[in-house]
Amino acid sequence: MAQAFVLDLGRCIGCEACALACKTGNELPTGVSYIELIEQVRGSFPDLEGGFDNHRCLHCQDAACVAVCPTGALYKEDGLTRLNTPACSGCEYCVTSCPYDVPRMVDGASTKCDGCKATTDAGGGPWCVSTCPSKALEYGERSEMLRTARTRAEALRAHYPNAQVYGETQAGGLGVILVLPDDPEVLGLPRDPDPPTVANVWQGVVQPVSIGLIGATAVAAGVAGVIARRNHMAELRDIEEAEQLVGDGDSSEEA
Amino acid sequence: MSLVDLEISRRTFFTAGAATMAAAGLLPRAAHAATDGTPWYRQGAIETTFGVCDMCPWRCGIVVSSVNGEVRKIDGNPADPKSRGMLCARGQGGVSFMNDPDRLQAPMMRSGKRGEGSFEEVSWEQALDFIADKLLEIKERSGPEALAIFGHTSGEYWFTDHFSQAWGTPNAAKPSSSLCLSPREEAAQLTLGMGVGGHEPVDWDGLRCLTLIGSHIGEDTRNTVMQDFADMWGDGGKVIVVDPRFSSVATKADHWLPIKPGTDTALLLAWLNVLVTEELYDADYVRGWTTGFDRLAAHVADKSPAWAASITDLSEGQIIETARVMAERKPQSVIMPGRHVTWYGNDTQRLRATYLVNALLGAYGRRGGMYFNKAPYLEEYPHPPYAVAGSAGGCSAGAAETSDELPLGPSGKARADGARETFLRGATALQELIDPMITGDPYRIEGLIVYGTNLLNSVPNKPRTREALAALDLVVAIDVLPQEHVAWADVVLPESTYLERYDTLWSVSHKTPYIAMREPAVAPMYQTRPAWWMARELGLRVGLDAYFGWETIEEYLDRELRSVGSSLDEMRANDGIIIQNGKPYLEDYDGASPFHTPSEKIELFSQQLADAGFDPIPEYESTPEPPRGFYRLLYGRHPVHTFAKTQNTPALNERYPTNEVWINAQAAASEGIRDGQEVWLENQDGARSGPIAVKATERIRSDAVFMPHGFGQNAPGLTRAHGKGASDTELQTDYALDPISGGAGMRINFVKIVTEV
Ligand code: SF4
Ligand code: SF4
Ligand code: SF4
């Protein structure tokens, strides 16, 4: 059953409790954080508006990071984007492909929220959700969360007439459904994130090759390392150009 | 997430966590976990204990999870009326606070000069015997009143309340009074005949309009207040924020009033004017429950919105509109009393004006307005009468002293803080006890016990505090961390953190009065000891045995709990909380008055103040403007930090290691200062602090700068916090004494920006 979060950016007051709960519940070491609170205030004194961006993995259904990950360290499960860190080769493809600028490299490995896989497997709830004093976060079955998000957007219109739900369809539907106080563009979010064209191609062509390679050799880590050291950006650009030449540039897959 | 869900998930969680999972090998390793990747909750059985958070003075109930004798996670106790299962960032950082390698580990005695910070470790026996001898010498020579005791954080009761009164000194003080709440409490006593109490009694459930004046919900991250605010706001409640800065909570406001600092009373008087002239007040309530309305009406007749607009830098329209928004939602409309209200030295009058608005809105004792809180019933462990009645006040203070006579100590001396002479009433003013240490006027304070009070990062006029520390005959510092002032101590006693000790029961005045318990999750680390143990050991050495008659702390707690028909075991079995019934609303008093003023009404006109020579109805008094080239220094909080206490806590330090100074973007540009540039701040007296990074922002007026408090600490033992950022306390060389409450107004300091060392 697909699970999802609701993140109500109308309610979020930037208190950072979620970030600390994630840090302590998951015992993340120094330098690793899955949530950043970023001030987002617009206008000039005294005509100001805005609040905080609670920047974290949005768990896209069509996750670009999963598509480009050559080792399968990033994978989808229950609608969420998991990360099996020991399998990460450090290639950084996820970092450059994520439309929301989420994964970070720490000590040569990708880090990002994995939806509290270990904790939820043990029967607990995600740490960030259970501590949020503003009740800006919820977690549950995705269709239920979608309903909740709509109700919350409705309530938010008392303060923000333009309040809306984001993530119903973006990137195949987000696993973190955002309740926004305003239009996504105003908050620096793509209304429609670039369809993961490149990522699709990468997945369709390159990834099976790399997985094949890994399967075919006893020194899988070494090969992954070779792949990692390539100038993948140039490579991706080449592939994209080739795509456009054959006139199949738009392969958006909105569910 | 609802409480029910939380409770269920919590329980399931423990069961699942305690079980060994054969499938664990199939799971990907937790990213960068400190161990081999096995999450802590699968490393052994989870043992849970109940506690009370001490990362700030709000005191949320917690559930502490330990595995194999180590504390691994702290969560909110779902049964606790404050935490309701949630915690703020600082509360989540408690494990990191406990495991801070910079902690004080053993008792120490000074081996060099005061302030140098050279110490040698000694045994507890040596340390306590030395202190006891010194205390008895002081008592012999000059009487017990010559000892001052300052206390903050949750063990303060043992020193500032219990030991001090048993010993016989009226000079016990808490920064949470005169450096924070005194004006708020005294204004409430004078106006309503009751204190505000630790938990501001806003009846959030049903509240329809909230007005905040300089309250920073979301930056000041008191957990329950954030929860209640979010619910009220989420239900469509109106929010009016008065602040020179577009604070976190101002981003949620329906009306943000960027007021000129120091002019709030003018705004309040104009709001009263609109309520009166437009007849928007609750006439029945005013008739039934207040006195002095006619005089108030006459007093505010000329305090028009136009008059206030010219003073406050707000528009007449804004003032009128917000008064109407408030009034339309009465009585479910309140101005929150706020915390840390010692701003300009006329703060008691400002708070009185705040309460007068609430009174005209008919808010006190009304559903959705301000409820009446009540202390839970609990009997103290029996002890002989105290040698002197204390008046240290603080967050958890009950009713302040009201009689005209100040209590005298055993050798006939009253408080040395100038009460009744330089200020009228209220809790002992901590900052006013510093001068007597230096001057001997009215008598010399010779010894000082500092329990958990960050003396050099909270009391204004640091040079004076240092001078006093040098002049004392005995300085004892009891703390968890080697804070700045600890270097000035003769004896340092290392305290166990709140996760390693029992403590007094928390009796919390509340809508639903309740009692919470704290028990140790693990044994004390290093050679640290709990406050109760230290106070008792000292007490036994100085002849106060009768005040510490219990054998074990468990016996002490059980005896107190027996008075409410409970016990430690029973509390443990019942989620660590005992909840009693309150009397929150007017109707709960059957026509009797809950207002304990002389008139038994809300005193809009205060005869008590008139008799003492003060304005019986608040007047607006201007405060000096910043000189040319200077900005008013405002200060506040960052959400992950408490006072000057948590800056060194690894997990919290990582998120916010140093502070920054907010300067209006245009003002910065005209000074040629870039965003992110490192600068120094220099105040009107030439005191300097820094370097500190500039945050050039639209979010603040151009006549003030703002910085989060608690940084710029000069404490080499705090390896992460030492020397990071700038200290507002360093720049507060001046303060304005509130002549009514003894509060120290600190927003009268000005700074200029200096770009070179
Ligand atoms: S805990 Fe909640 S309110 Fe606080 S920053 Fe996180 S999401 Fe926002
Ligand atoms: S879901 Fe878990 S891993 Fe993800 S941000 Fe929340 S606490 Fe961290
Ligand atoms: S508000 Fe935060 S720091 Fe304060 S007691 Fe509650 S959880 Fe602890």
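The values are calculated or read from the model by the stated rules, or taken from the named source; none is laboratory data. Just so it is clear, the structure is predicted and the values come from calculations on it, not from any experiment. Reconstructed Cβ throughout: ideal geometry from the backbone, glycine too, with neighbour counts over all protein chains shown. We work out accessible area using only protein heavy atoms, side chains counted, and drop any ligands, DNA or RNA first. Shrake-Rupley method; radii C 1.70, N 1.55, O 1.52, S 1.80 Å.
What's the local net charge at B:ALA309, with K and R +1, D and E -1, over the other residues with C-beta under 15 Å away?
So the environment of B:ALA309 carries a net charge of -3.
Over what distance in Å are the Cα centres of the range B:572-593 and the range B:266-327 separated?
34
Check B:LEU604: other-chain or 5+ apart residues with amide H under 5 Å from its amide H, H built from backbone geometry?
B:THR291
Let's test this: bin the Cα-Cα distances of chain B at 20 Å from zero up to the farthest pair and state each bin's percent.
16, 51, 30, 2
Across the residues of A:24-36, average count of Cβ atoms on other protein chains within 10 Å?
For this peptide, the per-residue mean of nearby foreign Cβ atoms is 5.
Compare the Cα positions of B:PRO78, B:MET55, B:ASN99 along the charge dipole of the range B:28-107 (+1 at Cβ of Lys, Arg; -1 at Cβ of Asp, Glu; about the Cα centre) and return the one farthest towards the positive end.
The residue sitting farthest along the positive end of the dipole is B:PRO78.
Say the cut-off is 18 Å between C-alpha atoms; which of B:LYS462/B:LYS695; A:LYS23/A:LYS76; B:LYS695/B:LYS752; B:LYS645/B:LYS724; B:LYS82/B:LYS511; B:LYS695/B:LYS724 go over it?
B:LYS462/B:LYS695; A:LYS23/A:LYS76
Run the 1.4 Å probe and let me know the accessible area of B:PHE750, rounded to the nearest 10 Å².
The accessible area comes out at roughly 20 Å².
Would you grab the residues whose amide H sits under 5 Å from the one on B:MET370? Only those 5+ places off in sequence or on another chain, please, with H modelled 1.01 Å from N.
For B:MET370, whose amide H was placed from the backbone, the distant partners under 5 Å are B:ASP203, B:TYR364, B:GLY365.
Hey, can you list the residues from the range B:688-702 whose accessible area shrinks by 30 Å² or more with all protein chains present, relative to the chain by itself (probe 1.4 Å, no ligands or nucleic acids)?
B:GLU698, B:ARG699
Using a 1.4 angstrom probe on protein heavy atoms only, which residues from the range B:71-104 are buried by at least 50 Å² of accessible area when all chains are present rather than their own chain alone?
B:LYS73, B:MET86, B:GLN92
Mind pulling up the Rg/Rh value for the range B:631-754? Radius of gyration and Kirkwood radius, both on Cα.
The Rg/Rh ratio comes out at 0.98.
Ignoring any ligand, DNA or RNA, what whole percent of the accessible area of the range A:1-152 comes from carbon and sulfur when the probe is 1.4 angstrom?
After summing per-atom areas, the C and S share lands at 49 percent.
From the residues B:GLN527, B:HIS596, B:GLY409, which one has its Cα farthest along the dipole of the protein assembly as shown in the positive direction, the dipole being from +1 and -1 charges on Cβ of Lys/Arg and Asp/Glu about the Cα centre?
B:GLN527
Only counting protein heavy atoms at a 1.4 Å probe, give the residues of the range A:102-129, ordered by number, whose accessible area falls by 50 Å² or more when the other protein chains are present relative to the chain alone.
Residues shielded by partner chains are A:ALA118, A:ALA122, A:TRP127.
Lysines near B:LYS413 by alpha-carbon distance under 21 Å, same-chain residues fewer than 8 away left out - which ones?
Those lysines meeting the cut-off are B:LYS134, B:LYS139, B:LYS174.
Leaving out same-chain residues fewer than 8 places away, which aspartates and glutamates sit with a Cα under 15 Å from that of A:LYS135?
The qualifying aspartates and glutamates are A:ASP8, A:GLU16, B:ASP5, B:ASP228, B:ASP231, B:ASP235.
Hey, how many Å between the Cα centroid of the range A:52-92 and the Cα centroid of the range B:613-659?
The range A:52-92 and the range B:613-659 have Cα centres spaced 42 Å from each other.
Considering only protein heavy atoms, what per residue accessible area in square angstrom results for chain B with a 1.4 angstrom probe?
Per-residue accessible area for chain B comes out at 33 Å².
Tell me, what is the 1.4 Å probe accessible area of B:TYR589, in Å² to the nearest 10?
50
Counting every Cα pair in the protein assembly as shown, what percent are over 57 Å apart?
More than 57 Å apart: 13 percent of the Cα pairs in the protein assembly as shown.
Could you look at chain B and say what percent of its accessible area is carbon and sulfur, using a 1.4 Å probe and all protein chains?
Percent of accessible area from carbon and sulfur atoms in chain B: 49.
How many angstrom lie between the C-alpha centres of the range A:170-186 and the range B:69-148?
Centre-to-centre (Cα) distance: 48 Å.
Quick one: buried accessible area between B and A, total over both chains, 1.4 angstrom probe, nearest 100 Å²?
Approximately 5100 Å² gets buried when B meets A.
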